[in-house]
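First the structure, in the form of structure tokens, and then the observations on it.
The values are calculated or read from the model by the stated rules, or taken from the named source; none is laboratory data. Computed from a prediction, not measured in an experiment: that's the story for all the values here. Cβ sites come from the backbone with ideal geometry, for glycine too, and all protein chains shown count toward neighbours.
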Amino acid sequence: MVHAHSGLRLLILLFLLLAIVKSLAGWLGKKPYGKSDNLIAILLISFTHIQVLVGIVLYAMSDIVKTGLDNFGVTMHNSAARFWTVEHAVVMLLVVVLITLGRVKSKKATSDELKHKKGAIFYIIALVFILWAGVIKPLALGRGWL
């Protein structure tokens, strides 16, 4: 499950970066919102929702989380335990909401410019949170890429 979670992370980063580049290019270049924009957004949201399901299963099975929840007061004073028990899950759920909102808002927008703009804004904010809670902080805590 951990390997699936890591593999999906890479797919999400790939499609999120593609969505950001396409959205910025479309917004700033005043390009039409085309089939490839739609396909990238659909794949991004699909991989993201699969990822959250895998993440929830891992969260429920995690010994770190079980220990953290058993001793919540102690956990909140330990940055590594707090991160894996609370912060990672909360921030990543926020990422799922942001990516979903980016897709929904861009789909409902009335012009191609707004579709690109709304997608770009939500996707960039989601990327910042992913980089912190999925890459930078885990590496700082001594967790590798897998």
Can you tell me which residues in the stretch 108-138 are of a type in the set (A, V, I, L, M) and under 17 Å from the mean Cα position of the chain (by Cα)? ALA120, ILE121, ILE124, ILE125, ALA126, LEU127, VAL128, ILE130, LEU131, ALA133, VAL135, ILE136
Counting just the residues of the stretch 110-146 that are at pLDDT below 95 and of a type in the set (D, E, K, R), which one comes out surrounded by the fewest Cβ atoms within 10 Å (Cβ to Cβ)? ARG143
In the stretch 57-76, what residues are free of Cβ contacts under 8 Å to residues at least 40 places away in the same chain and under 21 Å from the mean Cα position of the chain (by Cα)? TYR59, ALA60, SER62, VAL65
What's the total number of residues in the stretch 1-47 that are touching a Leu at 6+ places or on another chain (Cβ under 7 Å) and not in a helix (DSSP H, G or I)? 1
Residue that is farthest from LYS22 (Cα to Cα), among those in the stretch 77-131 that are among the β-branched types (Val, Ile, Thr) and touching a residue at least 60 places away in the same chain (Cβ under 8 Å): ILE130
Could you pull out every one of the helices (runs of 4 or more DSSP H) wholly within the stretch 66-146 that has 1 or more residues that are within 30 Å of PRO32 (Cα to Cα) and either in contact with a Lys or Arg (Cβ under 7 Å, 6 or more places away or on another chain) or among the charged types (D, E, K, R) (or both)? 88-108, 112-130
